[in-house]
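To start, the structure under review is shown below, and the notes come after it.
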Amino acid sequence: MKRICVYGGSRLGGRPAYAEQARALAAEMARRGLGLVNGGGGIGLMGVMADEVLAAGGEVIGVIPTFMEERELAHARLTDLHVVDTMHQRKAKMIELSDALVAVPGGVGTLDEFYEAVTWQGLTLHDKPCGLFSIDGYFDSQVAFLDRAVEDGFLAPATRERMVVTSTTDELLSGLGF
C-alpha cells in the first residue's frame, strides 16, 4: 500500500475550512487506497484526518514519542502506532513509512517536520515528493518565502520546483503522483 505522511496541526485552527478540507483530503486518500502516516495524535487536524481515513476503512499509522503518548495524546484506534524515544526518531520513522510528505495547516511543529523532510530530499536522503496543501491560502506566505529564498540564492531552484503547492485535493494527489 502507498502511504502519504501528513504533517498537520494538533489544533483545528480558526477557520472551518481547515478541518473540512483536511477531512476531504483524508476521504480522497482512502478512496484511492492510500494510507495515512501521521504524528499519532488524536487531536486537531491530525485526529480529524485519522478519523476520516479509519471511517473509510483505510490504514492509519501513527508515530509518537513516548512523552506525548504518556500525556494521553495518542489516537486510540490507529491501525498501527509506533512509539519512539525522540522527536528526531519520530521524523525519521514518518519519512521511512511514507511514499510522499504533505503539510496541511498547522503551527511551527508542522513546518519543522515538513521542512526537515524537504531538507532531507534536497540532501538526497530520500526522493519522495513533498507538498503543501494550502487550504484557504494558509501557506501563501511560505510560498513567498520559498520563492524569495530561490531568488536570493539560498534555495536551489530544483528544490522549489519539485514541491507541489496547491489548494485542491485532486491537484495535490495528482501532483504527488497518486
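Every number here is computed from the coordinates shown, using simple stated rules; none is lab data. Since the model is a prediction, treat every value here as computed from it, not as a measurement. Neighbour counts are summed over all protein chains in view; Cβ atoms, including those assigned to glycine, are modelled from backbone coordinates with ideal geometry.
Using the beta-carbon distance between ASP152 and GLU72 and R0 = 41 Å, what value does 1/(1 + (r/R0)^6) give for FRET efficiency, to the nearest 0.05?
Working from the Cβ atoms, E equals 0.40.
Where does the longest stretch of the chain lie that holds no trypsin sites (Lys or Arg not before Pro) found in a DSSP loop with 13 or fewer other Cβ atoms within 10 Å?
78-178
Which part of the range 95-109 falls in the paramagnetic zone of ARG15, meaning amide N under 15 Å from the point 7 Å along Cα-to-beta-carbon?
104-107
Net charge near THR119, counting Lys/Arg +1 and Asp/Glu -1 over other residues with Cβ under 15 Å of its Cβ?
With Lys, Arg at +1 and Asp, Glu at -1, the net is 0.
Pairing the Cα long axis of helix 16-31 with the longest principal axis of the chain, what angle in degrees results, from 0 to 90 and rounded to the nearest 10?
Between helix and principal axis, roughly 80 degrees.
Which of (i) 25, 22, 17; (ii) 24, 18, 16; (iii) 145, 17, 10 is the computed semi-axes √(5λ) of the Cα gyration tensor in Å for the structure on display?
For semi-axes √(5λ) of the Cα gyration tensor in Å, the calculated option is (ii).
Counting other Cβ atoms within 10 Å of each Cβ, which chymotrypsin sites (Phe, Trp or Tyr not before Pro) in the range 76-163 have at most 11 and sit in a DSSP loop?
Of the chymotrypsin sites (Phe, Trp or Tyr not before Pro), the ones in loops of the range 76-163 whose Cβ has at most 11 other Cβ atoms within 10 Å are PHE154.
Mind checking the angle between helix 44-55 and the chain's longest principal axis? C-alpha axes, 0 to 90 degrees, to the nearest 10.
60 degrees
If the viscosity is 0.692 mPa s and the temperature 37 °C, what translational diffusion coefficient in µm²/s does Stokes-Einstein give for the range 90-178 when Rh comes from Kirkwood over Cα pairs?
Calculated translational D: 247 µm²/s.
Suppose the chain between ASP51 and ASP85 were pulled fully straight at 0.36 nm per residue; how much longer would it get relative to their current alpha carbon spacing?
9.7 nm
Starting from the range 31-121, pick out the GluC sites (Glu not before Pro) whose DSSP state is loop and whose Cβ has at most 10 other Cβ atoms within 10 Å.
Counting only loop positions with at most 10 other Cβ atoms within 10 Å, the GluC sites (Glu not before Pro) in the range 31-121 are GLU72.
Can you give me the angle between helix 108-122 and the longest principal axis of the chain, using Cα atoms only, in degrees from 0 to 90, rounded to the nearest 10?
That works out to roughly 60 degrees.
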